[in-house]
1. By the scheme Lys and Arg +1, Asp and Glu -1, what is the net charge of all other residues having a beta-carbon under 11 Å from that of K28?
2. For region 109-163 and region 38-80, write down the distance between their C-alpha centroids in whole Å.
3. So in region 3-195, what percent of DSSP beta bridges are antiparallel if you round to the nearest 5?
4. Per-residue ellipticity at 222 nm for the chain, helices alone: DSSP H runs ≥ 4 residues times -39500 (n - 2.57), over residue total, nearest 500 deg cm²/dmol?
5. Among the lysines, which have Cα under 22 Å from the Cα of K108 when same-chain residues fewer than 8 positions away are ignored?
6. Would you mind calculating the gained length between N67 and R89 on full extension (0.36 nm times residue separation, minus the Cα-Cα distance), in nm to one decimal?
7. What percentages, rounded to whole numbers, describe P(r) for the chain computed over all alpha carbon pairs with 10 Å bin width beginning at zero?
8. Please tell me the relative contact order of the chain in percent, rounded to the nearest whole number, where contacts are Cα pairs under 8 Å and at least six residues apart.
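Where a number appears in this text, it was derived from the coordinates with a stated rule and is not lab data. What you see is a predicted model; the values in this text were computed from it and never measured. Every residue, glycine as well, gets a Cβ built from its backbone with ideal geometry; the counts of neighbours run over all protein chains shown.
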Amino acid sequence: MAFNVISLEKMLDALDASKVEAVLKTFKSISLRDERHDVEIFLHQKAIEFEKTAIASTYLVFDEETNVLLGFFSLANKPLTMNKRNFERLSKTQQKKLKSSGRLIGDKYQVISYLIGQLGKNYSQEAISNGGITGEQLLTLAYNKVIEASRIIKAKYVWLECENIEYLESFYSNFGFQKIPNYVSDNNLSVMLLKIK
């Protein structure tokens, strides 16, 4: 299966906003507790605003043949910021690696990096009956965009936040992300980091 990855910015330039919103509304997240997941809320309610204000860039992934929306991801040029205490909890090896890609500002350590802010597969009936997309395929597309960006604006790392759920952490670990031990983000999520190759 081949995919078209289209930036939300280009869609907004080419189409009326109401048409773009209609496309975004075709995205359905997996239902865990009869509630919409954060990824669905983000795409339906925040993605366009974040795009317009340059907080994050969103990319929509369509099936090349049918143009069905299969998933999306959003990226931001955002440093990973840790307070000094959390930074000092890292192993000496990890501290040394991160020091070469960041700086201490006051009592916080910043690692120059990219953030994969959102990553979501479409669980709508249309996307599923179309064959869907795997999580690994979607994460690979997001990572490839990070590599493209790092050739233009240098950064050595990409990071993400994920719920403290074993299968999610395992999924990202299998891709190469490493969980930062003893560290929880402001959103009370695990933080995982990957060196860009």
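1. With Lys, Arg at +1 and Asp, Glu at -1, the neighbours total +1.
2. 10 Å
3. 90 percent
4. On the way: 9 runs with 72 residues, N = 197.
The per-residue figure over the chain is -10000 deg cm²/dmol.
5. Within the straight-line cut-off, K108 pairs with K78, K84, K92, K96, K97, K99, K154, K156, K179, K195.
6. Here the segment from N67 to R89 would lengthen by 3.2 nm.
7. 8, 34, 35, 17, 5, 0
8. That works out to 18 percent.
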